[in-house]
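Comments concern the structure below.
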Amino acid sequence: MPETILILGGTREAAELAARLAASGKARIVTSLAGRTREPKPLAGETRVGGFGGAEGLAAYIKDNAVDLVIDATHPFAGTISANAGKAADFCAIPLISLARPAWQPVDGDRWKRVATIADAVTAIPTDATVLLALGRQHIAPFAGRSDVTFVIRMIDEPESDLPFERAVLVLGKPDLDVDAEEAMLAGRGIDMIVCRNSGGRGAYAKIEAARRLGLPVLMIDRPPNLVGLHSYASVEALLGAELLRRLADPS
Ligand SMILES: NC(=O)c1ccc[n+]([C@@H]2O[C@H](COP(=O)([O-])OP(=O)(O)OC[C@H]3O[C@@H](n4cnc5c(N)ncnc54)[C@H](OP(=O)(O)O)[C@@H]3O)[C@@H](O)[C@H]2O)c1
């Protein structure tokens with residue numbers, strides 16, 4: 001049974017996992033955050049913040065902290081840290097298990113145009129559109145060249161410098177979990193298209209349902225090839241049922 005588990009986090013699922021594993025009191029649980037959010041919600045167990053310094057840095061952290069299991073519960077688009085986790089776990093000869101939420105699938109009424117990259121999304125936006133840019137702050141810069149488009153940009157934290165957009169409205173806060181609230185936001189701001197990544201999960205799905213209700217098109221950026229470890233689980237529940245974790249997750 002693992003004694004020290006490193007969860008690579010930054011997602012709702014990682015927070016849930018930390019809570020469930022820490023509650024057992026049977027292992028030391030450390031969640032690692034990249035440090036992108038200024039005031040992340042407190043997590044169960046221990047938290048460390050900031051990059052490790054590549055795969056070598058992560059391997060050094062694993063050794064120094066006697067980590068005996070890594071759980072990659074990062075965002076499905078966070079490919080670098082997932083690849084580094086694979087290399088570091090191999091190097092340290094410890095198991096790595098991954099949580100990868102399934103991608104969203106279009107349903108009746110969805111008006112998705114699927115694109116492979118952010119660059120493809122930039123060119124696919126029609127002239128004079130008013131677009132909800134539902135992407136992390138590190139991914140919005142390529143859209144600034146579209147001075148013919150009005151962007152409504154949603155971010156968790158206030159940006160440190162002015163956004164390089166000619167026509168942009170900043171909305172601070174997380175995506176709402178409530179479809180009615182997302183529908184009201186889209187309608188109230190005159191949005192006629194959404195650009196987002198196919199993140200999967202519930203946390204960011206309300207806007208997709210709201211777009212369906214309003215008949216709005218969604219430019220959906222597809223996932224990069226899956227960079228997951230040996231074992232991949234689609235939900236927290238499934239992962240807690242993994243052989244390595246079953247006894248830890250058992251509250252008795
Ligand atoms: N909740 C969400 O919707 C959401 C959306 C996007 C991203 N995120 C989270 O934000 C983080 C960054 O995403 P990204 O797309 O920039 O990742 P990325 O491109 O895969 O990683 C870039 C670098 O950031 C550092 N890093 C990333 N995740 C880390 C973690 N959990 N702990 C410590 N260092 C980490 C690593 O630096 P070093 O090489 O120096 O170790 C990594 O090489 C991820 O942890 C991801 O889970 C969450």
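Each reported figure results from applying straightforward, stated rules to the coordinates on display, with no laboratory input. Bear in mind the structure is a predicted one, so any value in this text is a computation, not a measurement. Cβ coordinates were reconstructed from backbone atoms using ideal geometry, including for glycine residues, and neighbour counts include every protein chain displayed.
What the table shows:
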{"item": "Amide proton proximity set for T47, modelled H, under 5 Å, gap of 5+", "result": "T31"}
{"item": "Amide proton proximity set for L69, modelled H, under 5 Å, gap of 5+", "result": "T4, L6"}
{"item": "Most to least packed among 232-243, 209-220, 35-46 [average Cβ atoms within 10 Å]", "result": "209-220, 232-243, 35-46"}
{"item": "Alpha carbon centroid spacing (whole Å) that separates the stretch 92-107 from the stretch 199-217", "result": "22"}
{"item": "Electrostatic dipole magnitude of the stretch 44-181 [Cβ: Lys, Arg +1; Asp, Glu -1; Cα centre; debye, to 20]", "result": "300"}
{"item": "Only Lys, Arg (+1) and Asp, Glu (-1) charged, at Cβ; the chain dipole about Cα centre in debye", "result": "220"}
{"item": "Built amide H within the under 5 Å cut-off of L219, gap 5+", "result": "K113, I194, V195, C196"}
{"item": "Table column - 3J(HN,Hα) (Hz), the stretch 137-154, Karplus curve with 6.51, -1.76, 1.60, x for Gly and Pro", "result": "4, 6, 10, 8, 3, x, 7, 5, x, 8, 6, 8, 10, 9, 10, 9, 10, 9"}
{"item": "Label-point separation, A187 to T37 (7 Å along Cα→Cβ), nm", "result": "2.9"}
{"item": "Violating pairs (Cα-Cα greater than 27 angstrom) within the set K113/K174; K26/K207; K26/K63; K41/K87", "result": "K26/K207; K41/K87"}
{"item": "Values of log10 I(q)/I(0), in the order q = 0.11, 0.15 Å⁻¹, for the chain under a Debye, Cα-only, solvent-free model", "result": "-0.64, -1.07"}
{"item": "Candidates L172, L17, L133, ranked by Gaussian network fluctuation over the chain, Cα under 10 Å, top entry", "result": "L172"}
{"item": "Calculated FRET value between L170 and N65, using beta carbons and R₀ = 30 Å, to 0.05", "result": "0.20"}
